[in-house]
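Visitor: Here's a structure for you.
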Amino acid sequence: MRDDTSPMRPLTPDFASYAVGDLPMLSIDRSFVLATWPDGLSHRFHALFLRENEVTSGIVEGVTRERTIEIDQFPAETRATDVRLTDGPAVRITWAPDGVTSLFDPGWLRAMAEGAWHPDYDIPGQQPWDTAAMPEPPTFDGPSALEDDETLDAWLRAAWTYGFARLRGLPVDSGTVQRVGERIGTVRSSNFGFLFSVETKPDPDSTAYTAAGLDGHTDLATRETQPGLQMLHCQENSATGGASTMADGFAVAEAIRTEDPDAFDALTTLNWVFTNRHTDTDYRFSGPIVELNRDGQVVEIRNTGFLRFFPDMSAEDTPRAYRAVQLFNTHCRSDRFLCRTPLRAGDLILFDNRRMLHGRDSFDPQSGTRRLQGCYLDRDEILSRLRILARNRRAKVLSS
Ligand code: OGA
Ligand code: ZN
């Protein structure tokens, strides 16, 4: 049933644009409103979910799109008494027991039914890789990524999917890494500075600042939350050696899950304390090398070998914990998993620091200069940027 009381499309509790599409059939089912679209998709919206997300009567404020009242201020027995389509188009719902009427954008309801509320909705799936599948990092044009959202999107999608992706041809000036970082989001500072320079230093406070090789590692495993992203921008590389290495920790963990379940159990359940070594700071965190979520999915690798300290476990477990870390590292170093590429001046590599084991070969500091500039961001930044790029893409399609 339609009537003409509302000529406007109602605001939604967000800043996204939604296609109206086909309109749903609506009915009331106890404390739910059931919406069914002509293609068969249907969704039961709980009365309190709808009420706490309505903008028209001010529950969600129209400028900030944030909620103005708490859930306990609605009667627990809230339910729809009348649901109909009205012009706008809009879905108009009258609520008991207070008799308030609210309007909803049918495009927003459709998007919710399709799962647009889910954090993963606009995020590509993560694909583990070995070197047979990934001989070279996925590579994109640096200057385009700075200017053009399509290249930025393609680069970030690849970085999320495979855990790493490279830009080439960037300017080599100091601060370029920050410009690129700010295309993604907020740069995260650390005890190594807002930006850090990776080069040989006279009084190094990290092995990274020597000419030594670095085995595959995650950075800052000493902290509760390791930086989710890391970028390394090569400003100069005239030294012999020093090729960059990358292994997919998720792929290594999955291989061990299949090939050696006892080692997998040790990696995922036994904790190690990681500590930094410094005169002024003492970061330390105890956690497993491979972190699983509640569904048993691998979500994080924590493995700075040169900062792994104490086995935080019973003496009985220690032998199998050491065996498991040895196996993990052997895999990370193997031709099967280790992707090796020299960094050229103007290259920038972005990687998921909680997934990839990054490292480098040793280099000869007498033969030339090797200088990188880096910074960290959290995973939230790439995820937010990917969602905004997807949102903007949809808005462009709708307005064209
Ligand atoms: C680091 C690091 C890699 C490189 O600074 O943590 O891993 O290629 N550097 O020098
Ligand atoms: Zn590192």
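The values are calculated or read from the model by the stated rules, or taken from the named source; none is laboratory data. Here the structure is a predicted model, which means the values were calculated and not measured. Quick reminder, even Gly has a Cβ in these numbers, built from the backbone with ideal geometry, and neighbours come from all protein chains shown. We work out accessible area using only protein heavy atoms, side chains counted, and drop any ligands, DNA or RNA first. Shrake-Rupley method; radii C 1.70, N 1.55, O 1.52, S 1.80 Å.
Visitor: Can you give the Kirkwood hydrodynamic radius for region 144-297, in Å, rounded to one decimal and based on Cα pairs? Let's see the in-between values first.
Guide: Values: mean 1/r = 0.0551 Å⁻¹.
It works out to 18.2 Å.
Visitor: So, one more: Quick check: Cα centre of region 273-298 to Cα centre of region 325-400, how many Å?
Guide: For region 273-298 versus region 325-400, the Cα centre distance is 20 Å.
Visitor: Let me ask you something else. What ranking of L292, L11, L85 comes out by heavy-atom accessible area, probe 1.4 Å, highest first? Don't skip to the end; give the middle numbers.
Guide: Values: L292 55, L11 90, L85 25 Å².
The most accessible residue leads, giving L11, L292, L85.
Visitor: Now, a different point. Which order do the peptides 118-131, 336-349 come out in when sorted by mean C-beta neighbours inside 10 angstrom, highest first? Walk me through the intermediate numbers first.
Guide: Working: 118-131: 14.4, 336-349: 19.1.
Output ranking for 118-131, 336-349: 336-349, 118-131.
Visitor: I need the peptides 375-381, 309-315 ranked by packing, meaning the mean over residues of other C-beta atoms within 10 angstrom, with the highest value on top.
Guide: Values: 375-381: 19.9, 309-315: 13.1.
With the highest mean Cβ count within 10 Å placed first, the list reads 375-381, 309-315.
Visitor: About its Cα centre, what dipole magnitude does region 166-267 give when the only charges are +1 on Lys and Arg Cβ and -1 on Asp and Glu Cβ, stated in debye to the nearest 20?
Guide: With only Lys, Arg, Asp and Glu charged at Cβ, the dipole is about 600 debye.
Visitor: Can you divide the C-alpha Rg of region 280-400 by 2.2 N^0.38 Å and report the result to two decimal places? List each step's numbers first, then the result.
Guide: Working: Rg = 19.8 Å, N = 121, 2.2 N^0.38 = 13.6 Å.
For region 280-400, the normalised Cα radius of gyration comes out at 1.46.
Visitor: To continue, here is another question. Using only the heavy atoms of the protein chains and a 1.4 Å probe, how would K201, K396 rank by accessible area, largest first? Please list the in-between numbers first.
Guide: Working: K201 70, K396 140 Å².
Final ranking, largest accessible area leading: K396, K201.
Visitor: Ordering W160, W95 by how much accessible area each has at a 1.4 Å probe, largest first, what is the list?
Guide: Working: W160 25, W95 0 Å².
The ordering from most to least exposed comes out as W160, W95.
Visitor: Evaluated at 4 °C with a viscosity of 1.567 mPa s, what Stokes-Einstein diffusion coefficient in µm²/s does region 267-335 have when Rh comes from the Kirkwood expression over alpha-carbon pairs? The partial results should precede the final answer.
Guide: On the way: Rh = 13.0 Å.
Answer from the Stokes-Einstein relation: 100 µm²/s.
Visitor: If you don't mind, another one. Send over the Kirkwood Rh of the chain, from the inverse of the averaged 1/r over different Cα pairs, rounded to one decimal Å. Could you put the intermediate results ahead of the total?
Guide: Working: mean 1/r = 0.0414 Å⁻¹.
After inverting the pairwise mean of 1/r, the radius is 24.1 Å.
Visitor: Another one. What chymotrypsin sites (Phe, Trp or Tyr not before Pro) does region 185-273 have in DSSP loop regions with at most 12 other beta carbons within 10 Å? Please report the intermediate quantities before stating the final value.
Guide: Details: sites: F192, F194, F196, Y209, F250, F264, W272; in loops: F192, F194.
Sparse-neighbourhood loop chymotrypsin sites (Phe, Trp or Tyr not before Pro): F194.
Visitor: Given the convex hull of the Cα atoms of region 1-85, what is a quarter of its surface area in nm²? Could you put the intermediate results ahead of the total?
Guide: Numbers: hull surface 25.4 nm².
Average projection, Cα convex hull of region 1-85: 6.4 nm².
Visitor: Would you please put 34-40, 326-332 in order of how densely packed they are, using the mean number of other Cβ atoms within 10 angstrom per residue and starting with the highest?
Guide: Working: 34-40: 14.0, 326-332: 19.7.
Output ranking for 34-40, 326-332: 326-332, 34-40.
Visitor: May I ask for log10 I(q)/I(0) of region 122-228 at q = 0.17 Å⁻¹, from a Debye sum over the Cα atoms as equal point scatterers with solvent left out?
Guide: -1.10
Visitor: So for region 321-363, considering every pair of alpha-carbon atoms, how many percent are separated by more than 14 Å? Don't skip to the answer; put the middle values down first.
Guide: On the way: 565 of 903 pairs.
Summing the P(r) of region 321-363 above 14 Å gives 63 percent of all pairs.
Visitor: Let me ask something additional. Report the Rg/Rh value for region 1-150, based on alpha-carbon coordinates and the Kirkwood definition of Rh. Intermediate values should be presented prior to the final figure.
Guide: Working: Rg = 20.1 Å, Rh = 17.8 Å.
With Rh from the inverse mean 1/r over Cα pairs, Rg/Rh is 1.13.
Visitor: Using every alpha carbon pair in region 76-173, what percent of pairs falls into each 10 Å bin from 0 up to the bin containing the largest distance?
Guide: 13, 24, 20, 14, 16, 11, 2
Visitor: Mind listing which trypsin sites (Lys or Arg not before Pro) in region 264-314 are in a DSSP loop and have 15 or fewer other Cβ atoms within 10 Å?
Guide: Working: sites: R277, R284, R294, R302, R308; in loops: R277, R294, R302.
Qualifying residues, ordered by number: R277, R294.
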